[in-house]
């Protein structure tokens, strides 16, 4: 399988085909909510987020992705992605590596590393709607934005959702959005944000997520740098 992927600049996506057969077309499939390695974190009309964890050498059940999704890897990893009816794909992934994948397939993920494989999967539940009509547009859909004490690297816009990697130094500011665009924050590192001029506080461990119905300005009150992936919805 060669899904559409858009990778963070500087985070190399290394892949090579392994000489093994893929999963047969008649393999028994589970829905993602039934797959025991995926734990539901959040669900609303915009998105459904799962935390995925696999022990060294373990594999998921064959499970189906019915929606387009964004995958965020937590920590360096080495896996095989075994799509039903396709040749297995061997991948090495970096901490915070973020990709977009078109849904409509079933696969099994196998952890080849000596450490647990962890990721956050965010399904975009408005994908069919945006594909049938003109999706929302953004003034900026690519590029590095310099913030006050940090950066916002806009990775891609898919299904009307803008996905960015945000890095904030201690005291750095993530600006607010006057249009009150809903946001989903995915923590890559520990995150401790405080609303600037609002009562909003966001405290997350790596792999945790926070849904924000509006978009206030946020300050990093951690003692050091924090990293997160931000999905903005319209």
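The values are calculated or read from the model by the stated rules, or taken from the named source; none is laboratory data. Just so you know, these numbers come straight off a predicted model, no measurement behind them. Neighbour counts are summed over all protein chains in view; Cβ atoms, including those assigned to glycine, are modelled from backbone coordinates with ideal geometry.
Kindly indicate whether residue 104 is surrounded by fewer than 19 Cβ atoms within 10 Å (Cβ to Cβ) and touching a residue at least 24 places away in the same chain (Cβ under 8 Å). Considered against the rule, which asks whether it is surrounded by fewer than 19 Cβ atoms within 10 Å (Cβ to Cβ) and touching a residue at least 24 places away in the same chain (Cβ under 8 Å), residue 104 comes out as yes.
Matching residues to (1) buried (at least 21 other Cβ atoms within 10 Å of the Cβ); (2) assigned by TED's automatic domain parsing to the domain that holds residue 190; (3) more than 22 Å from residue 67 (Cβ to Cβ):
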{"site": "115", "(1), (2), (3)": "no, no, yes"}
{"site": "118", "(1), (2), (3)": "no, no, no"}
{"site": "148", "(1), (2), (3)": "no, yes, yes"}
{"site": "152", "(1), (2), (3)": "no, yes, yes"}
{"site": "156", "(1), (2), (3)": "no, yes, no"}
{"site": "166", "(1), (2), (3)": "yes, yes, yes"}
{"site": "169", "(1), (2), (3)": "no, yes, yes"}
